[in-house]
Every structure is written in C-alpha cells, then in structure tokens.
Amino acid sequence: MTVVLDVQDLRVAFRQDGRLVEAVKGVSFAVSKGETVALVGESGSGKSVTALSTVSLLGGNAEVSGSINYLGQQMVGAAEPLLRKVRGNDISFIFQEPMTSLNPLHTLEKQLAESLALHQGLQGKAARARIVELLDKVGIDAPESRLADYPHQLSGGQRQRVMIAMALANGPELLIADEPTTALDVTIQAQILELLADLKRAEGMSLLFISHDLGIVRRIADRVCVMQGGEIVEQGPVAEIFANPQHPYTRKLLAAEP
Ligand code: ADP
Ligand code: MG
C-alpha cells in the first residue's frame, strides 16, 4: 500500500526565554493511502505540533528535526515554494471551530472563491459552479441560496461544513483534522464525523484525525497512535489497541472513557 505520509523520529523544540522546550520527542508513524490514522492524547501531548510540522506551520521559534516524507518529498527543512505547493494542493487542514479561518467579513462565496482563484485559477461562473458543488458535497442544503451568507448566519455545524468544503476545494491527498468536532454539540459532532468518513471514502483521501476523545477515535480511525508528553507510547490498529492495550497510559485513558 502506498504510504502518503511517513514521519520518522520527529522532534520539535521551541525556543523560549533563551532555552529550548521540547514539545515532540521522537515521534514515528505513517499514514497509508485511504487510511484514517488518529493521534489521540490529552491536551498538551504534542498532537497539534506534530500535525503542524507536516507542512511547516509552526512559528519561527520552533526547531524541527527528523523526517517527514510526503509522497517522496521531504518536508522538514523544505524550501518555501515546495511547502506552498503542498499546502495549496496536497495537504489540507481543518481545525477546531475557534481557531478556524473563516473570515467574518466575507460571504461564503468569497471565502471559497479566494482559494479556488489562488490554487486552481478558477474565476467567475466556473468558480461559482465549483463552490455550489463543494457546498452541496458537504451537506449544505440549497447551496445557491447560501452563497451570499456570512459566517455568523450559519450554525456551528454548518460553519464546520464550510471549513471542510474549503479544505476539499483543492482535492487534497491528505486531510488533517485537528479536533474538528470539539467545539460542537454531540449530535452535530456525529454528523460531522459521518461526513468526514463519507468524504474520505468518496474522494479516496487519507485522513490524519486528531482528538482527545477516544470514543470518537474508535468510530472513525483505522489506526491509532496514543500520545503522552510528546511521545507516541503505543500505536496499532484501532481494534487491537482498544481490545488489548499494552501501555499503562492507554489503559488509563480507556478506563476513563464513559
Ligand atoms: P495538543 O495539541 O496535544 O494539545 P500541542 O501540540 O498544541 O498539544 O502542544 C504541545 C506542547 O508544545 C505544549 O506544551 C504547548 O504549550 C507547546 N507549544 C505549542 N506551540 C508552541 C509555541 N509556538 N511556542 C512554545 N510552545 C509551544
Ligand atoms: Mg491541539
């Protein structure tokens, strides 16, 4: 099976007040084509830093070493043009709602049009048709009638659907979803998870899914990597990890599950 993302011995430290603070301490995992891999662990365990490293989205105070191979291309230390290409066409992100990048002053059409113009050169009618198609794909009803809406006119679940549409706009190979349902009500969470699973199948994407919630991971992931204190303490197929956890921390997480 094709390996889309191969992370080997990733280390990230942040320069702070003249010293280095380690956030990720030698993490290795891979995502194969069409697979959903989950990074799970409590807040501060290094999940987001690991995800953001894939396309160098960490700030200037980060020191990164190790290897992040995306379809044969090395992302650690990659030049800016390659990073821009991969960010624009290959690896898309969705974040927890409060961190998202929907512009409150732009209509849905404008938010999506900017990305389509920038990365695919689509303008005017062609762009509009693609926007309607994307909104329809993520389950926005009567999308033509919503094009002029602003983000505040949508519910939290609908906003997250629009974020997913933006992430899909360039047909990414890998979607990285960082706590995409954490800010949503439980019933809406389930709908968004179902949407992600359906889209992943339909688009043949691979998914790196980040969550602190084991219940969600169990439903959506093929493989799971359990993170604690900047390390992966255990990883394997979801069924195996849940049925027969080896590491004490995984056992503790599972015992704490409702
Ligand atoms: P998680 O996503 O698992 O909750 P993060 O990956 O966001 O955790 O953070 C891991 C650790 O790295 C935390 O201790 C966090 O404070 C630290 N960290 C993250 N980003 C920065 C940064 N830009 N500068 C300094 N420390 C950071
Ligand atoms: Mg995080």
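Structure notes:
- Within the stretch 102-134, being free of Cβ contacts under 8 Å to residues at least 40 places away in the same chain, among the polar types (S, T, N, Q) and closer than 26 Å to residue 178 by Cβ holds for no residue.
Yes/no per residue for (1) of a type in the set (Val, Ile, Thr); (2) touching a residue at least 24 places away in the same chain (Cβ under 8 Å); (3) within 16 Å of ligand 2 (Cβ to nearest atom); (4) assigned to a loop (DSSP other than H, G, I, E, B):
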| residue | (1), (2), (3), (4) |
| --- | --- |
| 22 | no, yes, no, no |
| 34 | no, yes, no, yes |
| 45 | no, yes, yes, yes |
| 88 | no, yes, no, no |
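- The residues listed here are 10, 39; of these, the one that is in contact with a Cys (Cβ under 7 Å, 6 or more places away or on another chain), at pLDDT 95 or above and in a strand (DSSP E or B) is 39.
- Which listed residue, of 53, 43, 48, is under 17 Å from the mean Cα position of the chain (by Cα), loosely packed, with under 13 Cβ neighbours inside 10 Å and within 19 Å of residue 227 (Cα to Cα): 43
For every residue, the table says whether it meets (1) among the hydrophobic types (A, V, I, L, M, F, W, C); (2) over 21 Å from residue 103 (Cβ atoms); (3) touching a His at 6+ places or on another chain (Cβ under 7 Å).
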position: 151; (1), (2), (3): no, no, no
position: 154; (1), (2), (3): yes, no, no
position: 159; (1), (2), (3): no, no, no
position: 172; (1), (2), (3): no, no, no
position: 186; (1), (2), (3): yes, yes, no
position: 191; (1), (2), (3): no, yes, no
position: 196; (1), (2), (3): yes, yes, no
position: 200; (1), (2), (3): no, yes, no
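- Filtering 52, 71 for residues that are within 24 Å of residue 196 (Cα to Cα) and more than 15 Å from ligand 1 (Cβ to nearest atom) leaves a single hit, 71.
The values are calculated or read from the model by the stated rules, or taken from the named source; none is laboratory data. The shown structure was predicted, so the numbers you read here are calculated from the model rather than taken from an experiment. Backbone-built Cβ (ideal geometry, glycine too); neighbour counts: all protein chains shown.
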